[in-house]
Amino acid sequence: MSEQNTMLLLLPVPFRIIDSVLHIEYQAHHGLRRWLDSFDRLIVGASIMPEMIAEQRTEMRWRAVDDLDSHIDFLTLPWAYRIDTFIKELPATAALIARKIEQARYLQFAIGGIVGDWATVGAIIALRTGRKYAIHTDRIEHEILLHVSAEKSFPYRLKAALDSRILMILQKILIKNCDLGLFHGMDTYELYQQWMQESGKQNNAYCIHNIHDEDLDEENDRSNLIDTSAPRHTPITLFYAGRMDATKAPLQWLEVVRVLAEKHPGIRAIWAGEGDLRPDFDRKLRDLELEDVVDAPGFIPDRKKVAQLYRDTDIFMFTHITPESPRCLLEALKFGIPIIGYESAFAKDLIKKNGGGLVVENGNIRALANQVSEIIKKPSLLMRLKKNAQEDGKAFSSKAVFEERSALIKKHL
């Protein structure tokens, strides 16, 4: 394979084998097609998810990759998230990655952790061999480790603190020495740009955005932009789409809904998504007696149905408590849905130009409930926020964001 205009991309998103055919997560498949708009060939590496685990990940939607075989060399890597398995697989897998690095003109590593993270291994090899490389990340992983362990047992918190420290040291080495930093969202950019500044490469750090808008045709229907100054005959609808895990604070989200339901009888709230906290979510839903208010349909694989939920929504309410960059906020803005939730650099950056949303102090349930209540009481404010959200959302499309990233890779690498 000629290395000319070939990019090696090591991903955190896994592969899965179904009926002897290689599959990848649906949105990742869309991303690979977008990369092929700018590169002749790709070498794409990811771990093979064991079937026992894949069957439990009901929120993941898979798509076969055989339609991409003519342009992509798929590099299937071992699932090695246990330390003993990782140590066993490391020598052979590192050698394989090193050979693929030699075959590629451009190198991009979507790093996340240490054990089992082959993108991190690839970045280490590139650094040691003097190859230019790009780092892509959308989370401050070492801080998230501390957040999600905050209410665990002392031994668990101690281990998380140690893991967090080791991860921060390693990622700082890889990020400050990379030749291009593609940091999704302002939270990641603000920290990692400082790290790159230590090596004089701060001008090679970029705040990017990531969106997969396939099957989300927001232009078909703008019915959410009705004149809300007129008398309203349908209930206000709050919506969230994402995983039920600690980083999204779904139990805090329910507390906000409880306060709003008391103030505004008749409101509707929908959380579309699955996750580890689903049992806790269902239990709290019953404890708060919100069964008639909240609909939790789980993961919805049909993106057209998700698009319709966005169109039927008034407010996208979120309770993200960790420094990451969830794509759902961009999706909401594309549909002209104001984003109302906890403050973060990422959320503030998305709405800084037109004001298509409002944020409150992170973790302040009462403040968020009061803010949403104020919007519900003022139809003209809701209408203005919707129009502003539509303007903020115009900047985001998968075609535009992948073209931007591709141009940066070719410029700096």
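The values are calculated or read from the model by the stated rules, or taken from the named source; none is laboratory data. Quick caveat: nothing in here was measured; it's all calculated off a predicted structure. Don't worry about glycine lacking a Cβ; one is built from the backbone with ideal geometry, like all the others, and counts go over all protein chains shown.
Computed values, structure above
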{"item": "Looking only at the range 78-107, and only at residues there that are in contact (Cβ under 8 Å) with a residue 60 or more places away in the chain and touching a Phe, Trp or Tyr at 6+ places or on another chain (Cβ under 7 Å), the one that is nearest to LEU413 (Cα to Cα)", "result": "LEU107"}
{"item": "Qualifying residue in the range 327-344 (condition: in contact with a Ser or Thr (Cβ under 6 Å, 6 or more places away or on another chain), in contact (Cβ under 8 Å) with a residue 40 or more places away in the chain and either part of a loop (DSSP other than H, G, I, E, B) or in the same structural domain as ILE208 (by TED's automatic domain parsing) (or both))", "result": "yes"}
{"item": "Single unsatisfied condition, ILE24 versus (1) outside any strand (DSSP E or B); (2) crowded, with 18+ Cβ neighbours inside 10 Å; (3) under 19 Å from the mean Cα position of the chain (by Cα)", "result": "(1)"}
{"item": "Some residue of the range 174-181 being assigned to a helix (DSSP H, G or I), of a type outside the set (Gly, Ala, Ser), more than 22 Å from the chain's Cα centre (by Cα) and surrounded by 15 or more Cβ atoms within 10 Å (Cβ to Cβ)", "result": "yes"}
{"item": "Selected residue (criterion: surrounded by the most Cβ atoms within 10 Å (Cβ to Cβ)) from residues of the range 182-227 that are modelled with pLDDT of 90 or more and among the acidic types (Asp, Glu)", "result": "GLU190"}
{"item": "Check on LEU408, surrounded by fewer than 21 Cβ atoms within 10 Å (Cβ to Cβ) and over 22 Å from the mean Cα position of the chain (by Cα)", "result": "no"}
{"item": "Output for the range 358-389, where each listed residue is on the phi < 0 side of the Ramachandran plot and either outside any helix (DSSP H, G or I) or touching a Cys at 6+ places or on another chain (Cβ under 9 Å) (or both)", "result": "LEU358, VAL359, VAL360, GLU361, ASN362, ASN364, LYS378"}
{"item": "Matching residues, the range 62-92, being among the small types (Gly, Ala, Ser) and either more than 25 Å from the chain's Cα centre (by Cα) or buried (at least 16 other Cβ atoms within 10 Å of the Cβ) (or both)", "result": "SER70, ALA80, ALA92"}
{"item": "Which listed residue is modelled with pLDDT of 95 or more, closer than 29 Å to PRO326 by Cα, in the same structural domain as TYR26 (by TED's automatic domain parsing) and assigned to a helix (DSSP H, G or I), from THR76, THR120", "result": "THR120"}
{"item": "Failed condition for PRO323, given (1) under 22 Å from SER149 (Cα atoms); (2) surrounded by fewer than 18 Cβ atoms within 10 Å (Cβ to Cβ)", "result": "(2)"}
{"item": "Identity of the residue in the range 276-321, more than 11 Å from LEU251 (Cα to Cα) and polar (S, T, N, Q), that ends up modelled with the highest pLDDT", "result": "THR313"}
